[in-house]
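To keep things clear, I will list the structure first and then write my remarks on it.
The values are calculated or read from the model by the stated rules, or taken from the named source; none is laboratory data. Quantities reported herein were computed from a predicted structural model and do not represent experimental measurements. Here Cβ is always computed from backbone atoms with ideal geometry, including for glycine, and neighbour counts include all displayed protein chains.
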Amino acid sequence: MYRSRLGNDLSDVTLDYVSSINDDSEIALYDILGSKAHTLMLYQKNIITKNDAKKILSALENLKKEKFDSSSGAEDIHELIESLIIKKAGMASGGKMHTARSRNDQVALDIRMKIRDDINIICNCLLDSIEALVSVAKNHQKTIMPLYTHLQQAQAGLFSHYLLAHADVLSRDFQRLYGTFERVNQSPLGAGPIGGTSIPIDRHSTAKMLGFDDLVENSIDATSTRDFVAEYVAMISILMTNLSRISEDFILWSTSEFSFIELADEFTSPSSVMPQKKNPDVLELTRGKTAEVIGNLTAILTTIKGLASGYGRDLQQIKSSIWATSKISISTLLILKSMLLTLKVNEKQMKKVTESSNLIALDIAEKLVQEGIPFRVTHKISGILVQLSHNSKKPISKLTLSEIKKSVIGTKVDPKIVSKIISSTTVVSSLKNRTSFGSSGYDEQKRMISDRIQKINNYRTAITNRENKINSSIENLEKQVKEIIQ
Ligand code: ARG
């Protein structure tokens with residue numbers, strides 16, 4: 001449709017090479033909405049007549065039901081929609097729709113509208129997952145487990161504490177995306193190809209009609225930048241990295257060697273040959289798809305980094321990376337939520353493992369500190385106790401007084417005090433005494449759970465308000481369109 005200056009048409013191979021029509025199905029509805037707002041504004045500013053507006057808007061309204069034909073020969077959805085409008089409304093009116101805009105501001109607009117909706121969807125999914133983590137944590141405030149550093153047993157802990165850690169991680173993902181939305185929800189519409197237009201348009205009015213909070217003011221910036229895309233995909237890459245780490249823990253803990261958890265059958269896969277297998281394929285795919293998202297971020301940044309200012313067709317290629325990124329993160333979160341809610345937790349095994357290792361070593365050292373002994377000395381005593389227990393193949397609690405005496409050699413510490421502390425220290429007592437803010441202590445679980453529930457509620461309200469604001473702008477736009485069409 002645009003090739004008036006050019007001679008020959010594109011060959012099928014070239015057309016297929018340059019066309020983004022297949023990727024554009026994700027933004028078709030946004031393109032129609034943007035065109036409605038633009039047309040309304042052109043009419044309100046007396047740039048086109050009411051009759052023109054009526055014809056264009058009716059044709060746009062009919063397009064909602066249209067099944068776009070990807071073999072139409074159009075290079076993209078913007079060309080296809082405009083050609084359909086001209087066909088339906090006639091050149092005299094339809095030919096005016098593209099006044100004072102360009103595909104460059106148009107495509108930036110559509111991508112921003114798509115990403116802002118995706119952000120809201122993902123934020124809701126995140127809140128559902130956080131809520132699931134907190135609700136499972138609620139049931140496991142007394143479930144003892146070993147905590148690991150270097151994948152070696154470190155301290156006794158609680159399963160609720162582990163789950164709440166991930167609830168906090170995902171809350172930060174929520175906050176990051178919530179912040180990104182502000183930079184996405186700015187309208188580039190009316191920036192033209194790059195330098196603006198001589199036609200007296202009102203960019204503020206179209207921004208408002210489409211529910212944007214602000215404009216990307218500078219028309220060069222508005223049409224050139226994809227920093228908001230890179231930011232969005234970077235935020236999702238961090239989110240996916242976090243989900244991948246949870247997956248790795250669950251993969252490990254569902255092995256027969258750990259047997260801490262069992263995934264519900266619907267999240268596992270059998271083997272084609274080994275009948276006993278119950279593989280955590282879904283979690284492995286989360287790790288794999290995380291790599292794909294990071295690849296998308298790399299593709300986007302690599303596309304942008306060498307691009308001269310102004311729109312370049314390279315930018316067309318990043319759209320599929322955005323859509324794929326959104327899709328992966330949404331499905332991962334939906335699956336994670338259901339997986340959490342159906343997870344079987346092997347409390348006995350977790351406790352057994354915790355109690356069979358000398359995870360109370362640090363607690364014993366800390367109790368000795370409370371007797372006024374320097375920590376460096378108590379650390380040494382406790383270390384010797386662990387060594388004695390290891391060599392004699394019995395737990396610290398079974399060491400005799402004469403064995404305990406060896407641990408205090410060279411110190412002024414009374415072995416009887418050490419012995420008394422050993423016999424009063426268990427995993428349970430250690431978790432009772434763990435009172436520091438944010439620790440694995442029993443009391444801290446209760447406090448953190450109720451605090452997180454409150455936070456989830458506040459986040460929900462914030463997201464709902466945002467969605468309502470966009471929805472009511474779009475409803476209002478559609479109402480104005482209807483008034484003109486009638
Ligand atoms: N199909 C293009 C894209 O997705 C739309 C913008 C084309 N603009 C241009 N001047 N060729 O990025």
- request: Working carefully through the options Ile330, Ile236, Ile300, Ile246, find the one that is surrounded by fewer than 18 Cβ atoms within 10 Å (Cβ to Cβ), of a type in the set (A, V, I, L, M, F, W, C) and either more than 16 Å from the ligand (Cβ to nearest atom) or in a helix (DSSP H, G or I) (or both).
  value: Ile330
query: Any chance segment 311-322 includes a residue that's surrounded by 14 or more Cβ atoms within 10 Å (Cβ to Cβ), within 16 Å of the ligand (Cβ to nearest atom), in a loop (DSSP other than H, G, I, E, B) and not small (Gly, Ala, Ser)?
result: yes
- prompt: Of the residues Ser436, Ser430, Ser419, which single one is buried (at least 19 other Cβ atoms within 10 Å of the Cβ), under 29 Å from Lys352 (Cα atoms) and small (Gly, Ala, Ser)?
  reply: Ser430
message: Could you go through segment 60-70 and let me know if any residue there is surrounded by fewer than 22 Cβ atoms within 10 Å (Cβ to Cβ), modelled with pLDDT under 95 and within 16 Å of the ligand (Cβ to nearest atom).
response: yes
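Return yes or no: is Lys36 modelled with pLDDT of 95 or more, farther than 21 Å from Ile111 by Cα, in contact with a helix residue (DSSP H, G or I) (Cβ under 9 Å, 6 or more places away or on another chain) and not polar (S, T, N, Q)?
Details: modelled with pLDDT of 95 or more: yes; farther than 21 Å from Ile111 by Cα: no; in contact with a helix residue (DSSP H, G or I) (Cβ under 9 Å, 6 or more places away or on another chain): yes; not polar (S, T, N, Q): yes.
In short, no.
Restricting attention to segment 68-86, does a residue exist that is over 40 Å from the mean Cα position of the chain (by Cα) and closer than 23 Å to Ile474 by Cα?
In the first step, residues of segment 68-86 are kept if they are over 40 Å from the mean Cα position of the chain (by Cα); the result is 86.
Adding the requirement that they be closer than 23 Å to Ile474 by Cα leaves none.
There is no residue in segment 68-86 that is over 40 Å from the mean Cα position of the chain (by Cα) and closer than 23 Å to Ile474 by Cα.
For every residue, the table says whether it meets (1) within 30 Å of Ser58 (Cα to Cα); (2) within 12 Å of the ligand (Cβ to nearest atom); (3) surrounded by fewer than 10 Cβ atoms within 10 Å (Cβ to Cβ).
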position	(1), (2), (3)
Met1	yes, no, no
Asn8	no, no, yes
Ser11	no, no, yes
Tyr17	no, no, yes
Asn22	yes, yes, no
His38	yes, no, no
query: Phe258 is checked against (1) part of a helix (DSSP H, G or I); (2) touching a helix residue (DSSP H, G or I) at 6+ places or on another chain (Cβ under 8 Å); (3) closer than 22 Å to Gln349 by Cβ and fails just one. What number does that condition carry?
result: (1)
Hits in segment 73-90 - residues which are within 10 Å of the ligand (Cβ to nearest atom) and under 16 Å from Thr14 (Cα atoms): Ala74, Glu75, Asp76
field: Which numbered condition Met350 fails, given (1) surrounded by fewer than 21 Cβ atoms within 10 Å (Cβ to Cβ); (2) more than 16 Å from the ligand (Cβ to nearest atom)
entry: (1)
- prompt: Considering segment 218-233 alone, what residues qualify as being crowded, with 19+ Cβ neighbours inside 10 Å, of a type in the set (A, V, I, L, M) and either farther than 20 Å from Ser329 by Cα or modelled with pLDDT under 95 (or both)?
  reply: Ala222
message: Can you tell me how many residues within segment 102-113 are farther than 15 Å from Arg313 by Cβ and within 9 Å of the ligand (Cβ to nearest atom)?
response: 1
message: So for segment 267-288 (the condition being touching a residue at least 12 places away in the same chain (Cβ under 8 Å), part of a helix (DSSP H, G or I), out of contact with any helix residue (DSSP H, G or I) (no Cβ under 7 Å at 6 or more places or on another chain) and away from the ligand (no atom under 16 Å from the Cβ)), does at least one residue qualify?
response: yes
- request: From (1) touching a residue at least 60 places away in the same chain (Cβ under 8 Å); (2) closer than 30 Å to Leu285 by Cα, pick out the condition that doesn't hold for Leu362.
  value: (2)
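Rundown of residues vs (1) without any contact (Cβ under 8 Å) to a residue 60 or more places away in the chain; (2) more than 18 Å from Tyr459 (Cβ to Cβ); (3) among the basic types (Lys, Arg), yes/no style:
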| position | (1), (2), (3) |
| --- | --- |
| Cys125 | no, no, no |
| Ser129 | no, no, no |
| Lys142 | no, yes, yes |
| Phe181 | no, no, no |
| Gly211 | no, yes, no |
| Glu217 | yes, yes, no |
| Ala234 | no, yes, no |
- prompt: On the given criteria, is Asp105 of a type in the set (D, E, K, R), without any contact (Cβ under 8 Å) to a residue 24 or more places away in the chain and either surrounded by fewer than 22 Cβ atoms within 10 Å (Cβ to Cβ) or touching a Ser or Thr at 6+ places or on another chain (Cβ under 7 Å) (or both)?
  reply: no
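To keep it simple, each residue is scored yes or no on (1) within 36 Å of the chain's Cα centre (by Cα); (2) over 30 Å from Asp128 (Cβ atoms); (3) modelled with pLDDT under 95.
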| position | (1), (2), (3) |
| --- | --- |
| Lys412 | no, yes, yes |
| Lys420 | no, yes, no |
| Lys432 | yes, yes, no |
| Gln445 | yes, no, no |
| Ser450 | yes, no, no |
| Gln454 | yes, no, no |
| Asn457 | yes, no, no |
| Gln480 | yes, yes, no |
| Glu483 | no, yes, no |
statement: Out of (1) in a helix (DSSP H, G or I); (2) surrounded by fewer than 21 Cβ atoms within 10 Å (Cβ to Cβ); (3) more than 16 Å from the ligand (Cβ to nearest atom), the one Thr99 does not meet is (1)
field: Ile194, sole failed condition from (1) assigned to a helix (DSSP H, G or I); (2) within 16 Å of the ligand (Cβ to nearest atom)
entry: (1)
- prompt: Scanning segment 383-416 for residues that are surrounded by 12 or more Cβ atoms within 10 Å (Cβ to Cβ) and among the polar types (S, T, N, Q), which turns out farthest from Glu371 (Cα to Cα)?
  reply: Ser392
query: Any idea which residue in segment 280-318 is nearest to the chain's Cα centre (by Cα), counting only those that are of a type in the set (A, V, I, L, M) and under 30 Å from Thr268 (Cα atoms)?
result: Val293
task: Considering every residue within segment 114-134, establish whether at least one is in contact with a helix residue (DSSP H, G or I) (Cβ under 8 Å, 6 or more places away or on another chain) and within 16 Å of the ligand (Cβ to nearest atom).
output: yes
